[in-house]
Amino acid sequence: MSGRRYTVRSLGRELVMIVLAAAYGGPFYMLVVMSLQSKDDVQQTPFAPPIDDPQWDNYATAWTTGGAAGGMGPAFVDTVIITLGSVLCLIVVSALTGYVLARRTSRLSNALYLLFVLGVTIPSTLGLVPIYVVMRNLGLLGTYQGMILLNTAMLTPFAVFLYTGFIRALPREFEEAAQMDGAGMFGTLVRVVLPLLRPITATVAMLTGLIVWNEYFLAIVFLAGSEIANLPLQLNAFVNDYYTDWNLVMAGAAICILPVLVVFLALQKQFMKGFAGGLRG
Amino acid sequence: MAEIQLIGVGKEYPGKVRALRDLNIDIAEGEFLVFVGPSGCGKTTALRLIAGLERCEEGEIRIGGQVVNDVEPRRRNLAMVFQNYALYPHMKVYDNIAFPLRSARLKRDEIDRRVRTAAAMLELDGVLHRKPRQLSGGQRQRVAMGRAIVRRPDAFLMDEPLSNLDAKLRMQMRADVVRLQRELGVTTIYVTHDQVEAMTMGTRIAVMRDGVLQQIGRPEEVYAKPANMHVAGFVGSPGMNLMRGRLLREGDALVCRLGAQTVPVPADRAPALGPHENGEIVVGIRPEALVQPNGGPPPGGELRGEVTGVEMLGHERLLMLDADVPVAVDAAVEAAEANGNGAAGRLRARLPGLSGVSMGSTARLWFDPAALHFFDPATGRSVT
């Protein structure tokens, strides 16, 4: 064992980490500082922390005013509905699809799996016009159901890809044991397989939830002209052609980020397990 | 409890991989049958076919007289213990053991009573509230056993359940499994690659190779009268020494020429060996049948060889000898290696731990000619 544990290399590594932390932490600092400044201060001294007079009102103003939805508050509710709905549908559809694709070894299931992989690689914007026409004909433009359906369809290939990979690495013995223990197909699925998928379900929920939560492009196309708005769309309401309320934009952005942070911190253990793909019995 | 019959059972996997060929076995009610053989011999396939986890397309499987080829695994009333235990990681020990009972929709009181009885039997009372990952290997193994016995199945199927345990624990669990099986009297089919496990546990053992049943019988029968070279090389620790020689007549008696050495053939074997006179023959002798000269009268047979290896095991010594004898290879080598006996090209002897032998010396070993086995070199089958 070497006697000197703290070397020049350690110092170099630490410096790199500090620079990286600053690069990631800097924008957060600005976000918090600017969200608490007054309209004037944010233009003149955007980096100075408003220690004397933090404008907590900015959050209340952002929460209740502006845009089609009438503030970040209603948009927050819309976004929660759309995100929860989409993630729930995605989990049900993708877990079942992934299970079948992973466990069936026929050529058809291999071909279907490839189709899903293809779905991940092809940009969804390519199909935007026909999707818009179909959605309009079905009367789904500017509705919760429409957005949930759309997000589910767009993200299913990605979620199926994640589930299939995880289930393929999962020993079949658990299912075989359940079969031997007298469980039917449904019982095996509900009592054994789905609980074992918890780590990957957390990963799928986190990743797809984040995508749906931050979705701007689809929202601007499919929610335009309606009373429903998600958070990114609503955030844009504070940006005007001639003048932007940066303090409100930042307060709104903080409102967008906070729930994501809370969920991530709550689920991070499961989330990491899902990525590692491991399962110990 | 039920008897299990395999009638002409075969299995071919996609890609023309034949795992099992024409397997015919009757397993009596309450019997403990052990399938033993090297990896890839078809023993696990046979077990999975009986369980219903693989589809049986050739032959017939009967449980309690009923053909079950098309019966789902859950309706066969068999319990299985898997190699890696397959305990449900998200459930506590209690729920793992209760799982089959809940599947059978038993009443809550009855489930609780049975789980606690099984737990007491397996000394798991203190860990019922733990998750499988918080248990030791031996405890996990016992939970798997508990899950199997709690349902009172017609038969237990066990797929190398002790292979993940360390040597000491394995020995203890071996005894526990046998005791449990005797107590419950449930028909048990046990798969292992470890011939010691097979010999010590089974009421009968079925030795498999390349998907074909080589021999089935009581352990002492299979040990004493191996049906072919493969069984001879596989069963025993180490397996039988197999040497290639020529059968010659000297006066009235038959002898076997092994390289430069000659060994006598017992007179009672002569009629069966007649057709091989002046031809090649494979001679087998168990390592434990070779002894050091002890001052008494020689028992009739002697082999000499240079000591090329000595393994001290405490109570005994394992000797490796270069006897300049052509060693019968093919099946025997394969079996010996699968059995972990290592260099099959050499003669091996098991001597008491204190016997004074040193590397490089020439050892003289005596044996009773009645202990010799003879095999047809063309077919590998026993000729006596």
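The values are calculated or read from the model by the stated rules, or taken from the named source; none is laboratory data. From a predicted model like this one, the values you see are computed outputs, not experimental measurements. Neighbour counts are summed over all protein chains in view; Cβ atoms, including those assigned to glycine, are modelled from backbone coordinates with ideal geometry. To get the accessible areas, we keep the full protein, side chains included, count just its heavy atoms, and leave off ligands, DNA and RNA. Shrake-Rupley method; radii C 1.70, N 1.55, O 1.52, S 1.80 Å.
Which of (1) at pLDDT 85 or above; (2) under 30 Å from B:ASN84 (Cβ atoms) is the odd one out, the single condition A:GLU215 does not satisfy?
Status for A:GLU215: all satisfied but (2).
Specify which of the listed residues (A:THR152, A:THR188, A:THR125) is away from chain B (no Cβ under 14 Å), part of a helix (DSSP H, G or I) and surrounded by 14 or more Cβ atoms within 10 Å (Cβ to Cβ). Please lay out each step first, then the result.
Details: A:THR188 fails: away from chain B (no Cβ under 14 Å); A:THR125 fails: surrounded by 14 or more Cβ atoms within 10 Å (Cβ to Cβ).
Answer to the check: A:THR152.
Could you tell me whether B:ILE97 is β-branched (Val, Ile, Thr), over 28 Å from B:VAL196 (Cα atoms) and open to solvent by less than 50 Å² (accessible area, probe 1.4 Å)?
Yes: the conditions hold for B:ILE97.
Restricting to segment B:73-93, give me the number of residues that are open to solvent by 40 Å² or more (accessible area, probe 1.4 Å) and at pLDDT 95 or above.
First, pick out the residues of segment B:73-93 that are open to solvent by 40 Å² or more (accessible area, probe 1.4 Å): B:74-75, B:77, B:83-84, B:90, B:92.
So of that shortlist, the ones also at pLDDT 95 or above come out as B:92.
Selection size over segment B:73-93: 1.
Report yes if A:PRO195 is in contact with a His (Cβ under 9 Å, 6 or more places away or on another chain), within 14 Å of chain B (Cβ to nearest Cβ) and surrounded by fewer than 20 Cβ atoms within 10 Å (Cβ to Cβ), otherwise no. Working first, answer last.
Working: in contact with a His (Cβ under 9 Å, 6 or more places away or on another chain): yes; within 14 Å of chain B (Cβ to nearest Cβ): yes; surrounded by fewer than 20 Cβ atoms within 10 Å (Cβ to Cβ): yes.
It is true that A:PRO195 is in contact with a His (Cβ under 9 Å, 6 or more places away or on another chain), within 14 Å of chain B (Cβ to nearest Cβ) and surrounded by fewer than 20 Cβ atoms within 10 Å (Cβ to Cβ).
Report, by residue number, each residue of segment A:173-185 that is over 11 Å from B:GLU72 (Cα atoms), at the interface with chain B (Cβ under 7 Å from one of its Cβ atoms) and in a helix (DSSP H, G or I).
Across segment A:173-185, the qualifying residues are A:GLU173, A:PHE174, A:GLU176, A:ALA177.
Out of A:LEU261, A:LEU279, A:LEU248, I need the residue that is modelled with pLDDT of 85 or more and buried (at least 18 other Cβ atoms within 10 Å of the Cβ). Which one? Explain how you work it out, then say what you get.
Details: A:LEU261 fails: buried (at least 18 other Cβ atoms within 10 Å of the Cβ); A:LEU279 fails: modelled with pLDDT of 85 or more.
Just a single option satisfies the conditions, and that option is A:LEU248.
Say whether the condition of being touching a helix residue (DSSP H, G or I) at 6+ places or on another chain (Cβ under 7 Å) and assigned to a loop (DSSP other than H, G, I, E, B) is met by at least one residue in segment A:80-91.
In the first step, residues of segment A:80-91 are kept if they are touching a helix residue (DSSP H, G or I) at 6+ places or on another chain (Cβ under 7 Å); the result is A:81-83, A:85-87, A:89-91.
So of that shortlist, the ones also assigned to a loop (DSSP other than H, G, I, E, B) come out as none.
Looking for residues that are touching a helix residue (DSSP H, G or I) at 6+ places or on another chain (Cβ under 7 Å) and assigned to a loop (DSSP other than H, G, I, E, B), one finds none in segment A:80-91, hence no.
How many residues does segment B:135-179 hold that are assigned to a loop (DSSP other than H, G, I, E, B), in contact with a Gly (Cβ under 9 Å, 6 or more places away or on another chain) and either open to solvent by less than 40 Å² (accessible area, probe 1.4 Å) or farther than 24 Å from B:MET91 by Cβ (or both)?
Count: 4.
Could you pull out the residue among B:ILE97, B:ILE50 that is within 12 Å of chain A (Cβ to nearest Cβ), in a helix (DSSP H, G or I) and under 26 Å from the mean Cα position of the chain (by Cα)? Explain how you work it out, then say what you get.
Details: B:ILE97 fails: under 26 Å from the mean Cα position of the chain (by Cα).
That would be B:ILE50, the only listed residue that is within 12 Å of chain A (Cβ to nearest Cβ), in a helix (DSSP H, G or I) and under 26 Å from the mean Cα position of the chain (by Cα).
Give B:ALA227, B:ALA260, B:ALA289, B:ALA206 a once-over and let me know the one that is in contact (Cβ under 8 Å) with a residue 12 or more places away in the chain, out of contact with any helix residue (DSSP H, G or I) (no Cβ under 6 Å at 6 or more places or on another chain) and outside the structural domain of B:MET158 (by TED's automatic domain parsing).
Exactly one residue qualifies, and that residue is B:ALA260.
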